[in-house]
Amino acid sequence: MIRLLAGILAAVLVGFPVVSAPTAAVGALGAAGGVFCAIAIARHSIPFLVAGASLSLVEYAMALLLRGGAPELGGAILVGIVVVLLFQVVAFAARFDGAAVSRDVVRGHLLFWLGAAGTIVLAEGLLVLVAREIVLVVPSPAYPAVAALGVILAVVAVAQTVRHAHGSSRVERVRELPRSLGG
């Protein structure tokens, strides 16, 4: 079931740019990204998933370039949500590979992922509102500096989230290990 969900997410990630701009170049990048995503799903491999998702994001950028015009907010939100959920689903599958997982655990993770998708939509909507206000206040020569500041803040936020989500639980487990061994 988890592989099926990951496969659907990968198909959306790879297929959306092809639907947006059906060209041979976009299709070739999509096929390459799809192969890496398929290997990642089969092997529960995050490095292969990074390669597949990266190719798919390049594919999406190329589709936007070839299609012309301004990118649509809905498409950007869709791609962002799919990338995040795909990484979450493959990481879940890797963590529980070979283990019997109850439906309640899977259902709990599905609800978490839906909540994460909702949070992403709200955050992106808020960013769009803030960006519209910044355009009215900040002079156009300062746009690159404001964009760079936004990227830096986003990277710091992601790093803090990853550190909080993974770092604290590992530290607690390492601290508990000697006690569980009788030490």
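The values are calculated or read from the model by the stated rules, or taken from the named source; none is laboratory data. Computed from a predicted model, the values in this text were never measured in an experiment. So basically every Cβ, Gly included, is an ideal-geometry build from the backbone, and we count neighbours across all protein chains shown.
At a glance:
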item	result
Residue within segment 114-123 that is within 22 Å of the chain's Cα centre (by Cα) and among the hydroxyl-bearing types (Ser, Thr, Tyr) present	yes
Segments classed as helices (runs of 4 or more DSSP H), wholly inside segment 1-120, with at least 2 members that are out of contact with any Cys (no Cβ under 8 Å at 6 or more places or on another chain), closer than 30 Å to Arg132 by Cβ and not acidic (Asp, Glu)	2-20, 46-67, 73-95
Some residue of segment 13-22 being buried (at least 17 other Cβ atoms within 10 Å of the Cβ) and closer than 22 Å to Ala91 by Cα	yes
Residue that is more than 19 Å from Leu5 (Cβ to Cβ), surrounded by 12 or more Cβ atoms within 10 Å (Cβ to Cβ) and in the same structural domain as Val83 (by TED's automatic domain parsing), where the choices are Ala123, Ala116	Ala123
Single unsatisfied condition, Leu64 versus (1) within 21 Å of Met1 (Cβ to Cβ); (2) surrounded by 12 or more Cβ atoms within 10 Å (Cβ to Cβ)	(1)
Criterion violated by Ala145 - all others in (1) modelled with pLDDT under 80; (2) exposed (fewer than 11 other Cβ atoms within 10 Å of the Cβ); (3) closer than 21 Å to Gly74 by Cβ satisfied	(3)
Segment 34-57, subset buried (at least 19 other Cβ atoms within 10 Å of the Cβ) and under 22 Å from Gly68 (Cα atoms), residue farthest from the chain's Cα centre (by Cα)	Leu55
